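Below is one structure; the comments refer to it alone.
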Amino acid sequence: YAPNRDVQFLSGFLERKRGNLKKAITHFVNAEKLGRTGAALKREIASCYFHLDQIPEAKKYVLEAMASKKDNRFVIDLAIQIAMREGDELGARSGLENLVVVDVESFCKHRLSTIELRFGAADRALEAAQESVNKSEVRPTFGMLAQLATCQIRMQMHSEAERTIQRLSKLYPNQR
């Protein structure tokens, strides 16, 4: 037995995982109307809007999430991604300063790489991507390796990119 607000939240989470973002938003908003609160709910709604490319709505909810939970690494990272999508380099870099305090170094280097690449510094993006992969404690994530390959391609390092993509395929044979 669970309150309906929690059922709605979990239904939204399930729909988001299935890729049904509009249905997920409906469930999340219903959970909110039924009294569910907190940064996790706001982050989930913001994430759905972000992936639907509805940036003003995403920004509204991520700011609400940050108001209640300033040290949530997922919320901070989403805020950085929103700033990047808006072309707000200062906002993205400011967010990165906050992320460094609450997240592991390898992921912070990954996010730095995406910021550098987005704002035109492919050489610095490559350097950060390499550091991200090298500093991964267990194994680099799919995103870290994909970012490294992207940077290598942008820097005309095609043989290195091919090796990175082969590594990516070996480590993550069932993804994307």
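Read-outs: derived from the displayed coordinates by stated rules, not from any lab. As the structure is a prediction and not an experimental result, all values here were calculated from the model. Every residue, glycine as well, gets a Cβ built from its backbone with ideal geometry; the counts of neighbours run over all protein chains shown.
Side notes on the structure shown:
- The chain shape via C-alpha gyration tensor axes, a/c threshold 1.5: prolate
- Pairs from the table (33/69; 22/135; 69/135) lying more than 29 angstrom apart at Cα are 22/135.
- ³J(HN,Hα) computed for each position of the stretch 28-44 - Karplus, 6.51 cos²θ - 1.76 cosθ + 1.60, integer Hz, glycine/proline x: 5, 5, 4, 4, 5, 5, 8, x, 6, 10, x, 5, 4, 5, 4, 5, 4
- Gap separating the Cα centres of the stretch 1-56 and the stretch 107-176, nearest whole Å: 31 Å
- Whole-number percent relative contact order across the stretch 36-176, with pairs defined as alpha carbons under 8 Å at least 6 apart: 14 percent
- Fully extending the segment from residue 7 to residue 100 would add 30.1 nm, taking 0.36 nm per residue of separation and subtracting the current Cα-Cα distance.
- Cα gyration tensor shape for the stretch 96-170, rounded if a/c is under 1.5, else prolate or oblate: oblate
- Principal axis box of the stretch 71-112, alpha-carbon based, largest edge first, Å: 25, 18, 12
- Förster-model FRET efficiency, 30 Å R0, residue 162 and residue 138, C-beta, rounded to 0.05: 0.80
- According to the Kirkwood relation over distinct C-alpha pairs, the hydrodynamic radius of the stretch 10-50 is 9.6 Å.
- Size of electric dipole in the chain: Cβ of Lys, Arg +1 and of Asp, Glu -1, about Cα centre, debye, nearest 20: 640 debye
- Ranked packing of 48-58, 139-149, 25-35, most packed first, by mean Cβ within 10 Å: 139-149, 25-35, 48-58
- Taking a ≥ b ≥ c as the square roots of the eigenvalues of the alpha carbon gyration tensor, the stretch 29-84 is oblate, as a/c is not under 1.5 and a/b does not beat b/c.
- Karplus-derived 3J(HN,Hα) values for the stretch 110-119, using 6.51 cos²θ - 1.76 cosθ + 1.60 with θ = phi - 60°, are 4, 5, 4, 4, 5, 5, 4, 5, 4, 9 Hz; glycine and proline are entered as x.
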